[in-house]
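We did not get these values from a lab; they are worked out from the coordinates using the rules stated. Since the model is a prediction, treat every value here as computed from it, not as a measurement.
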Amino acid sequence: MKLFCTPPPSARWPRCKCIPTPFALPANALVRIYTLVGERVHDISADTLGVVTWDAKNSAGQPVSSGVYIVKVEGAGDKKVLKVSAQR
């Protein structure tokens, strides 16, 4: 399972669409986003096509700080961990 995000979140592009490649995430896969110290930022479920969109906000709807975040993806018995960055 490989992911890429496009476009990177910014003031001009406030939403980041993470698109799995070469295969889609499992439908309704759980995506959890954490800070580098392990605080949970946001939980998102993939849609039925396996696409996840993150608006670079936390669970309370506040914009996240610029930096690197850990993303844990779980679905169909598979788990992956990757890093993403948010820039403001």
Interchain or long-range residues, amide H under 5 Å from Val41's placed H
Ile33, Tyr34, Thr35
Return the sequence-ordered ³J(HN,Hα) values of the range 66-75 in whole Hz as given by the Karplus equation 6.51 cos²θ - 1.76 cosθ + 1.60 applied to θ = phi - 60°, using x for Gly and Pro.
4, x, 9, 10, 9, 10, 10, 10, 10, x
